[in-house]
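Nothing in this text is a laboratory measurement; each read-out follows from the coordinates by a stated rule. None of these values were measured; they are calculated from a predicted model. Methodologically, a virtual Cβ is constructed for each residue, glycine included, from the backbone with ideal geometry; neighbour enumeration extends over all protein chains shown.
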Amino acid sequence: MVGRLPPVSKASSAVSHMMQSRVTHRSLLRTRALIHGQWIPTGKQFSVLNPADGGQIAQVESCGALQAREAVLAAITAQPSWAGTPHKTRSDILIELYDLVCQHSEDLATIVAFESGKPMVEARAEIEYGARYIQWFAEEAKRINGSIIPAPTNSGQLLVKYEPVGVVAAITPWNFPFAMLARKVAPALAAGCSVVCKPSEETPLTALAFGQLCCETGLPDGAINIIMGDAQEIGLELTSNDQVRKLTFTGSTPVGCSLSAACMSNVKRVSLELGGNAPFIVFEHSDLDAAADGLIAAKLRNAGQTCISPNRIFVEKSINDPFIAKLRERLNKVRVGHCHDETANLGPLINTQAKRRIERLVADAIDEGAVMEFETPGRQDGLFLPPKIVRVYDDDARIFSEEIFGPVIAVSTFETEEEVIQRANASPYGLAAYAYTIDNGRSNRLVSDLQFGMIGINSVGLSNEMAPFGGIKQSGIGREGSVFGITEYLQQKYCRIE
Ligand code: ADP
């Protein structure tokens, strides 16, 4: 059963010297696809760049439909033995993986920082956060309890048991290359599913390093496979292949919609974690310092490139000026810089397209009547974009109705609770919402009336392994983390026994 690969001490020559010099365990620097416990070359490569300086950090093997088919085949081969592995053993193997991630956390953080551009302090936090999902689901593997239902007659019993859904395809984005993968792979493995992972082409190295650590545990060959390259070809194969029984996707709403439509042609289970457009409401009667701290922390995390980032800031009119002053004070302390700069707390955007899109969003908003309220001084070269505050007067402006995905704080004022709830809910998205208030009655009304999957009252710390992360409306289907997270990878079997 054990698919242990000998650790390789020599890094692939496809990885830059700079990267090699900063990663202690070179065996984590993988550039080939992982299929059935083997690192597979494809003969075609693509480049991975460091967003902070544009330098090439690796040449990674590019996969297409052929490798996707092979990866699915490997997962199908591994599925029965992994599903048949006792829950306790699955748990032990996941604990082994958790321990390895903790042991190699600095190397993993370095790889995350290099390919995503985020500051090391954030990359370290991401590894710790992702590792906790592995630890959590290692425990959950032992708690996949069924139930016994009273039978309609006295002679028999009705049993409900949970079984793994089968082979899972996991498609992940670049903003949290480790955590998004860990949040999917850990519950899938805990449930007894084998997995084919397709990380983002912007950030495949973290997934491959994670794959290496998986290979150093007792996971059977083929229980985890990692392919990257032609996203469309791979996506087509993974969704059309009837043997893949579940797709779990985090990314943009349009891609999520088209992949889930493809999954319906063979009735696959889907979990989707898509875009958001989070309102952040600050009431007059609130702790304004806590609100300003919360907003800055949540807005600038990963340079604003998170799906639960506050996107529409609603400030009660009476406290607009003092609140904006508090934001300016905090923004003046932001230090934009390279991931190697340990004093930096804001990194670059992921690519040129992302930066241009945000610049256009701001320029269009200003053309249409918005006002540039404040621009933080700092690096603007390359993909760096210092934070700004833009005052918006029209909720239909694109900067308010689209996910900004960058360090731009778009603010508007409101006068009544009813008005702000109605405006906050006026979005097709329903992922996260935040509000700051010291009024308990108001808190209760907000929790009940805001139409979002996750609500933070006087808190922006929504995401942790113990809580169900996910959205409603066009923000997605399903939940990651918590006791509910594993059910996404389980199917019920009901039996009547007489
Ligand atoms: P983002 O804008 O955050 O990159 P995307 O939805 O484009 O969001 O990408 C999220 C993930 O989906 C990435 O791994 C990307 O490669 C993948 N992806 C994008 N388009 C497709 C597609 N047509 N089929 C399968 N995967 C895709």
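Test of understanding: extend the Cα→C-beta vector of T153 to 7 Å, then name every residue of the range 458-498 with backbone N under 14 Å from that spot. Inside the label zone: 496-498. Annotation: lysines with alpha-carbon distance below 16 angstrom to K142 (same-chain offsets under eight excluded): K88, K161.
Which of E418, E273 has the fewest other C-beta atoms within 10 Å, and how do the rest follow up to the most?
Arranged by neighbour count, lowest to highest, E418, E273 become E418, E273.
Annotation: amide H of G476 within the under-5 Å range of L274, sequence separation 5 or more or interchain, hydrogens built in the peptide plane. Cα convex hull, the chain: 148 Å³ per residue, rounded to a whole number. Over all pairs of different C-alpha atoms, the range 180-234 has a mean inverse distance whose reciprocal, the Kirkwood radius, equals 11.6 Å. Kirkwood hydrodynamic radius (Cα pairs, Å) of the range 201-323? In the range 201-323 this quantity evaluates to 18.0 Å. The spacing between the range 147-203 and the range 64-104, judged by their C-alpha centroids, is 12 Å. Relative to the longest principal axis of the Cα atoms of the chain, helix 320-331 runs at roughly 60 degrees. Between 0 and 90 degrees, the angle of helix 352-367 with respect to the longest Cα principal axis of the chain falls at about 30 degrees. Each Lys and Arg Cβ is given +1 and each Asp and Glu Cβ -1; about its Cα centre, the chain then shows a dipole of about 1280 debye. Summarised in one figure, the compactness ratio Rg/Rh of the range 266-416, Cα atoms and Kirkwood Rh, is 0.99. Taking the longest Cα principal axis of the chain as reference, the axis of helix 204-215 is set at about 40 degrees.
Between F46 and S252, take the C-beta separation as r, use R0 = 22 Å, and let me know the FRET efficiency to the nearest 0.05. Efficiency computed from Cβ-Cβ geometry: 0.65. Treating r as the C-beta distance of S240 and E415 and R0 as 60 Å, the FRET efficiency rounds to 0.70. As a proxy for reagent exposure, ranking V121, V362 by other Cβ atoms within 10 Å from fewest up yields V121, V362. Taking packing as the residue-averaged number of other Cβ atoms within 10 angstrom, the listed peptides 259-265, 100-106, 187-193 run from highest to lowest as 187-193, 100-106, 259-265. When the charge dipole of the chain is built from unit charges on Cβ atoms (+1 for Lys and Arg, -1 for Asp and Glu) and taken about the Cα centre, the candidate among Y434, I313, S200 whose Cα reaches farthest toward its positive end is S200. Selection among A467, I421, P407 by position relative to the dipole of the range 406-498 gives A467 as farthest towards the positive end (Cβ unit charges, Cα centre). Helical runs assigned H by DSSP (4 residues or longer) give the chain a calculated mean residue ellipticity at 222 nm of -12000 deg cm²/dmol, each run adding -39500 (n - 2.57) before division by the residue total. Between I281 and F314, Y434, A435, Y436, the built amide H atoms are under 5 Å apart, and every one of these is 5 or more places off in sequence or on another chain. Thinking of the range 27-75 as a set of Cα atoms, what percent of all their pairs are more than 15 Å apart? Of the Cα pairs, 51 percent sit more than 15 Å apart.
Each peptide in 384-394, 321-331 was scored by the mean count of other Cβ atoms within 10 Å over its residues; highest first, the order is 384-394, 321-331. Annotation: amide H of A58 within the under-5 Å range of S16, V48, sequence separation 5 or more or interchain, hydrogens built in the peptide plane. Here the 3J(HN,Hα) profile of the range 419-430, calculated from phi with Karplus coefficients 6.51, -1.76 and 1.60 at θ = phi - 60°, is 4, 6, 5, 5, 5, 5, 7, 7, 8, x, 9, x Hz, Gly and Pro shown as x. Rounded to whole numbers, the Karplus 3J(HN,Hα) couplings from phi for the range 281-289 are 10, 10, 8, 4, 8, 7, 7, 5, 5 Hz, using 6.51 cos²θ - 1.76 cosθ + 1.60 with θ = phi - 60°, and x at Gly and Pro. Counting beta carbons within 10 Å around each of T306, T487, T416 and listing the fewest first gives the order T416, T487, T306.
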